[in-house]
Amino acid sequence: MQKYIEYFKPVISLFIFIGFIIKKYKNYFKFIIYSVIFIWFIIIGYRSARPRYKPEHFTDIFNDFSWLVNWPKWLDFPLMQPLNSGFDWLIVNYGMFFEGINNFLLGLYTTMKNFLVGLPWPLVIALVIFITYFASGRKTSTTILVAFCTFFLGFLSPRYWDKCIMTVCIVLIGMLLCIVIGIPVGIAMARNQKVRNALLPILDLMQTIPSFCYLIPGILLFGLGAVPAIIAIFVYAVPPLIRLTDLGIRLVDKEVVEASEAFGASKKQTLWGVQIPLALPNIMQGINQCTMMSLAMVVIASMIGTRGIGDEVLLGLQQLNVGMATEAGIAIVLLAIIFDRITQSYGERLQERTQKKKEIEEHA
Amino acid sequence: MPKIEIKNVYKIFGHSPSKVLPMVREGATKEEVLEKTGHTVGLDNVSITIQEGETFVCMGLSGSGKSTLIRHINRLIDPTAGEVLVEGTNVMDLDQKNLIKFRRHKMSMVFQRFGLFPHKTVIENIGYGLEVQGIKLEERNKTSMEKIEAVGLIGFEHQYPNQLSGGMQQRVGLARALATNTDIMLMDEAFSALDPIIRSDMQKQLIDLQAELKKTILFISHDLDESLKLGDHIGILNHGRIVQIGSPIDIIMKPADDYVAAFVKDVNRAKVIKAKIIMLTPEQFKSKKEKNSNTIKVNEDSFLDEFLPQVCLTPATVEVVDKSGNIKGYITEKELSKALTKSQADILTKSNTNVGQ
């Protein structure tokens, strides 16, 4: 052991020296590194281009400048091949890992689905009414609206009832995943600028990349069915939740956070006692957004064979049956209203508790 | 040993403050630094000593670094250079754990916009300092109720802060700071957001509490009248630099520069100067010739405006007495006129006016 340390000493000091130099001429080094990477990319592109696209000798590039007119075929960065092979490698080596996730989510989904499908439908409606009534703080109007929407799901077409339950199960599991991962990530982002800087581009990517780009690898990793839909929901719906959690925490009045710190609260105490409770309305808004986006995603996911209300829309589309597609569309809207009303009214109730504005007037 | 000692503290805001520090040390002004480097100088070589049991008011206009200064003492802000000593320990030497302990037991803070937790009731707000210390609910509520009583908020303990008026909210802030029973209180423009009548109420309440509790208070204010009323010593900040430190009388009678002079120009001196400050000792008085037959007895701690109308009405010599009635000194019209005139130059131009304001 001692021997190795002796051996590493000069190496470590060399690294420290290099680190020092890099730190001193940071901007200079950054420029050099980026240019090296860029040139390296171009060389890779050139080398991997097919011979028939390339000039006979690369010095020809500098003699004949016709390639400046149209984009030359040899100036092509090869991303597809390595991604494919990387993906294959992932499946071969970490297949077990993905299968584990798959089994877990699928198990959760089937249990939940079988339970809800097995329940008599009036009981399900009663359950929804019960949840709404208490989540909205005993608001009758919201409860009645939600109850009617739930009833109309089955009333539109008896076929829809079970399919809606499947969709709801997928959305709920997707949301659960979003909440379990999204909120802690949002909190980490709000508290650490570096995490924030690292995550923001990833969130942008998740929001802008077309959903089919991750649906297809989803199928390869998890097979057809509910699980790739859940994963797709996660990718699509978690960014707004993360963003709104981050925003909510950072929007908490600075003086209030300072007050908490000034009285000797640890970071954990400040977070749980002050920041999270005050950010809750925003976080609830994020969860609400998350739900809406999950529902939108579930329809798209039906294209990769996910069972649910989405495949009724797809079926209508394929048969050019306007009525069928519209009917299923209405069912999705009703589902959206149910989810929205429940999460929204719960958020409002939280907001009321933190900011009792109504009663100020009484005292003024 | 002084309770709080701030030694040559510099604070520069920006992305690489340590590079700018030498420039500021060499005496570059705030504007120069901002123009050349894009850094903002918060504090520029500030040194303050606060003795135990005194109220030190730090005064300056907005942007002069007052709020930055107060946040150095409990290290809500870290200084770029310099030392902050509280009871002899350098707060910069504390690690995270000790810093939390230090904040819990050594000092408490009152905020300009109250800094109350909107999701907690009044009693929970007041008990927060104890809550983070891990004290049990019953004990916490007992202490909180005592403090609620002390600030006169009985009956409001289960209200939320937003249901209270500004003055009441700041009372909650004050009670919260008192609840942890720390020696030091930091008050960051505590009364600035309140309207004038409530503000003077709160000032009075603070003075009464202070007479009883004898805490060490660092009070930040932009209001000179408030500073003069509350402060045992006043430090005036301008552009992050300390311009003058002294007792209220020093500040009024001997302003260090034009900035301070401009501040004190419009002060009603009669409201600030106490009888004992301008009185003649009995020996000095005996040697004087002019004597009025009438005399008025006043307490040595009373302000001039409390007995000025009487003197104007019937020319009289003022006998200054202490609490038990012993004669401590005398004030004649001459001393009064001297104390109330703005400056020597003013006397020359306005030859006939003896009493200022």
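Since every read-out is calculated from the coordinates, none of them should be taken as a lab result. Every value quoted in this text rests on a predicted model; they were computed, and no experiment measured them. FYI the Cβ positions are ideal-geometry reconstructions off the backbone, even for glycines, and counts take in every protein chain you see.
Annotations for the structure displayed:
- Dipole magnitude of the protein assembly as shown, debye to nearest 20 (Cβ charges: Lys/Arg +1, Asp/Glu -1, about Cα centre): 940 debye
- Under the criterion of Cα pairs below 8 Å and six or more residues apart, the relative contact order for the stretch B:229-302 equals 21 percent.
- Within the stretch A:71-169, the ratio Rg/Rh, alpha carbon atoms throughout and Rh by Kirkwood, equals 1.31.
- Residue (of B:THR40, B:ALA190, B:LEU230) at the positive-pole extreme of chain B, dipole from beta-carbon charges: B:LEU230
- Fewest-first ranking of B:SER108, B:SER47, B:SER287, using other Cβ atoms within 10 Å as the exposure measure: B:SER287, B:SER47, B:SER108
- Helix A:121-135 vs. chain A, principal-axis angle (Cα, 0 to 90°, nearest 10): 80 degrees
- A simple charge model with +1 on the Cβ of Lys and Arg, -1 on the Cβ of Asp and Glu and nothing else charged puts the dipole of the stretch B:250-304 at about 380 debye relative to its Cα centre.
- Semi-axis lengths, largest first, of the ellipsoid equivalent to the stretch A:2-68 are 42, 17, 8 Å, with √(5λ) applied to each eigenvalue of the Cα gyration tensor.
- In the stretch A:28-78, trypsin sites (Lys or Arg not before Pro) in a DSSP loop with at most 13 other beta-carbon atoms within 10 Å: A:LYS73
- What the Cα atoms of the protein assembly as shown give is an Rg and a Dmax of 36.5, 122 Å.
- Per-residue mean of C-beta atoms belonging to partner chains within 10 Å, peptide B:108-119: 6
- Taking every DSSP helix (H) stretch of at least 4 residues in chain B, weighting each as -39,500 (n - 2.57) and dividing the sum by the residue count yields a mean residue ellipticity at 222 nm of -11500 deg cm²/dmol.
- Under 9 Å, Cβ to Cβ, from B:THR55 - net charge with Lys/Arg +1 and Asp/Glu -1: -1
- Across B:LYS11/B:LYS97; B:LYS30/B:LYS97; B:LYS7/B:LYS229; B:LYS7/B:LYS106; A:LYS139/A:LYS268; A:LYS267/B:LYS36, pairs whose alpha-carbon gap is larger than 29 Å: B:LYS30/B:LYS97; A:LYS139/A:LYS268; A:LYS267/B:LYS36
- Loop-located GluC sites (Glu not before Pro) in the stretch B:286-327 whose Cβ has at most 13 other Cβ within 10 Å (DSSP): B:GLU290
- With the simple model of a label 7 Å out from the Cα in the direction of the Cβ, A:ILE33 to B:LYS36 spans 3.1 nm.
- Listed residues A:PRO277, A:PRO239, A:PRO201, most fluctuating in chain A (Gaussian network, C-alpha, under 10 Å): A:PRO201
- Spacing of the two label points (7 Å from each Cα toward its C-beta) at B:ALA256 and A:LYS73, in nm: 8.1 nm
- Helix axis angle, A:193-208 relative to chain A longest principal axis, alpha carbon, degrees: 70 degrees
- 14 Å beta-carbon shell around A:THR132, net charge (K/R +1, D/E -1): +2
- The stretch B:1-84, Rg to Rh (Cα coordinates; Rh as Kirkwood inverse mean 1/r): 0.99
- Fraction of beta bridges assigned by DSSP in the protein assembly as shown that are antiparallel (%, nearest 5): 50 percent
- Here the stretch A:2-68 is assigned +1 on the Cβ of each Lys and Arg and -1 on the Cβ of each Asp and Glu. Its dipole about the Cα centre then comes out at about 400 debye.
- For the stretch B:64-113, with +1 on Lys and Arg beta carbons and -1 on Asp and Glu, the positive-most of B:SER108, B:THR68, B:THR89 along the dipole: B:SER108
- By the equivalent-ellipsoid construction on the alpha carbon gyration tensor, chain A comes out with semi-axes of 47, 34, 20 Å, ordered largest to smallest.
- The stretch B:204-264 and the stretch B:61-103: distance between their alpha carbon centers, rounded to Å: 21 Å
- Potential lengthening of the chain between A:ILE337 and A:PHE65 amounts to 91.8 nm, from the contour at 0.36 nm per residue minus the alpha-carbon distance.
- Relative to the 2.2 N^0.38 Å rule of thumb, the stretch A:122-220 has a C-alpha radius of gyration ratio of 1.50.
- Mean-square fluctuations from a GNM of chain A, with a 10 angstrom spring cutoff on Cα atoms, peak among A:MET284, A:MET292, A:MET96 at A:MET96.
- If R0 is taken as 41 Å, the Cβ-Cβ distance between B:LYS288 and B:ASP232 corresponds to a FRET efficiency of 0.85.
- Low-density loop cleavage sites - trypsin sites (Lys or Arg not before Pro) in the stretch A:135-171, where at most 11 other Cβ are within 10 Å (DSSP): A:ARG138
- Whole-Hz Karplus values for the stretch A:283-299 come out as 5, 4, 4, x, 5, 4, 4, 4, 4, 4, 5, 4, 5, 5, 6, 4, 5 Hz, taken residue by residue from phi with 6.51 cos²θ - 1.76 cosθ + 1.60 and θ = phi - 60°; glycine and proline positions read x.
- Volume per residue of the C-alpha convex hull in the stretch B:1-157, rounded to whole Å³: 155 Å³
- Approximating the spin labels as points 7 Å out from Cα along Cα→Cβ, the B:LYS276-to-A:SER13 distance works out to 6.9 nm.
- Equivalent-ellipsoid semi-axes of chain B, from the Cα gyration tensor, Å, largest first: 39, 29, 18
- Within chain B, antiparallel bridges make up roughly 50 percent of the DSSP beta bridges whose residues both belong there.
- Among A:VAL171, A:VAL117, A:VAL235, residue whose mean-square fluctuation peaks in a GNM of chain A (springs only between Cα atoms under 10 Å): A:VAL117
- Mean Kyte hydropathy of -0.5 or more with a Cα span along the axis of at least 18 Å, helices from DSSP in chain B: B:166-179, B:196-213
- Using only alpha carbons, the stretch B:215-321 has a radius of gyration to Kirkwood radius ratio (Rg to Rh) of 1.06.
- Charge dipole (chain A, unit charges on Cβ, about Cα centre) - positive-most of A:GLY323, A:LEU108, A:ILE39: A:ILE39
- The value obtained for the stretch A:194-290, namely the Cα convex hull volume divided by the number of residues, is 118 Å³ per residue.
- Chain A, helix-only ellipticity at 222 nm - DSSP H runs n ≥ 4, -39,500 (n - 2.57), divided by all residues, nearest 500: -27500 deg cm²/dmol
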